[in-house]
Amino acid sequence: MKINIVGRGNVATHLSLALENKAEVIRVNPRSLEEYSLDADITLIAVSDNAIREVAESLPVSRAIIAHTSGSTPIGILDCRQEKTGVFYPLQTFTKGISLDYSEIPLFIEASDKETETKLKNLAHLFSNNVATADSSKRKVLHVASVFACNFTNHLWCIADELLKEQGMSFATIRPLLKETLRKTGNISPFDSQTGPAVRRDSKTLDSHLSFLKEKHADLAEIYDKLSASIISTHKKDN
């Protein structure tokens, strides 16, 4: 199987590594398209969401299935192509230079027809043990949920890191806490694993934390207050 992977970013890089020695992969610069193979079986557009349409319109006509890798972009953005189209969405956070077990990555497939769906699934099964179909509406929910669970969480870790650094402490100090927080979700729901002053309705501690933040980090006080209010609302006594 010959695969064009159009893109130079994290997703394109990791998909190339995942398919290494499993398919013939051609890395394609999305600006020049010089490397583009006209006899490839599948072309994966792994660029930023804003660039998908532009790249799709610029690709030469070929026999390849054209699929993008975005979680939040509908398959309809590829309606400019006369070829069969699809979505090949790996639900994972990718960073260049950070190795992954590609067999664990969930792959979500959407396609213009059943034959194309089968071919995209076959490609996904070359490296992943977790392959499923998801239409554009379900994929958007997956992406939104992932932003909450991954991107927003990582930003909160950045905030924690800065607060610790101000006192000469290392982020490594709270890594065991983070590991246990994630580990628990393998046994109980995130709802049942919630701890902390907000779920306990510990107003004295909440007020103390807010007072500290308002004095030195007014912007963080607002985030702390809104997240605490959300936890309290989620864990109402009648739940």
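Bear in mind these aren't lab numbers, they're just calculated from the coordinates by the rules spelled out. As the structure is a computational prediction, the values presented were derived from the model and not from experiment. Note that each Cβ is placed from the backbone with ideal geometry, even for glycine, and that neighbours are counted across all protein chains shown.
Using only side-chain charges placed at the Cβ, +1 for Lys and Arg and -1 for Asp and Glu, the dipole size of region 140-234 relative to its Cα centre rounds to 320 debye. Taking every DSSP beta bridge that has both ends in the chain, the antiparallel portion is near 20%. Considering only 70, 13, 30, the residue lying farthest towards the positive end of the dipole of region 2-134 is 13, judged by Cα position with unit charges set on Cβ.
Taking the longest Cα principal axis of the chain as reference, the axis of helix 114-125 is set at about 60 degrees.
A simple rule links phi to the HN-Hα coupling: the Karplus curve 6.51 cos²θ - 1.76 cosθ + 1.60 with θ = phi - 60°, which for region 8-25 gives 10, x, 4, 5, 4, 4, 6, 5, 4, 5, 5, 9, 4, 6, 10, 8, 8, 9 Hz, with x for Gly and Pro.
Of the cross-linked pairs 2/119; 2/22; 84/138; 22/121; 84/114; 22/119, which ones have a Cα-Cα span greater than 18 Å in the structure shown? Going by Cα-Cα distance, 84/138 fall outside the 18 Å limit. The alpha-carbon positions of region 1-147 define a convex hull whose volume is 101 Å³ per residue.
Along its principal axes, region 5-57 has C-alpha extents of 30, 24, 15 angstrom, given from the largest down.
Quick one: check the C-alpha center-to-center distance for region 205-225 versus region 138-190, whole angstrom. Using only Cα atoms, the two centres lie 19 Å from each other. Directionally averaged projected area (region 90-239, Cα convex hull): 12.4 nm². Net charge of the neighbourhood of residue 221, taken over other residues with C-beta under 13 Å away and scored Lys/Arg +1, Asp/Glu -1, is -2. Exposed loop sites, defined as GluC sites (Glu not before Pro) outside DSSP H, G, I, E and B with at most 14 other Cβ atoms within 10 Å, are absent from the longest region of the chain, namely 36-239.
Computed from the C-alpha gyration tensor, the three semi-axes of the ellipsoid equivalent to region 33-117 are 22, 15, 13 Å, from longest to shortest. Using alpha carbons only, the radius of gyration of region 155-210 set against its Kirkwood radius gives Rg/Rh = 1.02. Each other residue within a Cβ distance under 12 Å of residue 193 adds +1 if Lys or Arg and -1 if Asp or Glu, for a net charge of 0. For residue 131, the residues whose amide H sits under 5 Å from its own are 107, ignoring neighbours fewer than 5 places away on the same chain, with H placed 1.01 Å from N.
A Cβ-based charge dipole, computed about the Cα centre of region 2-134 with Lys and Arg at +1 and Asp and Glu at -1, lands at about 120 debye. Which ³J(HN,Hα) values in Hz, rounded to whole numbers, follow from the phi angles of region 63-76 under the Karplus curve 6.51 cos²θ - 1.76 cosθ + 1.60, where θ = phi - 60° and Gly and Pro get x? So the Karplus estimates, Gly and Pro as x, are 8, 6, 5, 10, 9, 9, 10, 7, x, 9, 9, x, 5, x Hz. Rounded to the nearest 500, the helix-only mean residue ellipticity at 222 nm of the chain stands at -12500 deg cm²/dmol, with each DSSP H run of n ≥ 4 adding -39,500 (n - 2.57). Placing unit charges on the Cβ atoms only, positive for Lys and Arg and negative for Asp and Glu, gives the chain a dipole magnitude near 520 debye about its Cα centre.
Taken one residue at a time, the phi angles of region 203-217 give Karplus couplings (6.51, -1.76, 1.60, θ = phi - 60°) of 5, 5, 5, 4, 5, 5, 5, 5, 4, 4, 5, 5, 6, 10, 9 Hz. Gly and Pro are set to x.
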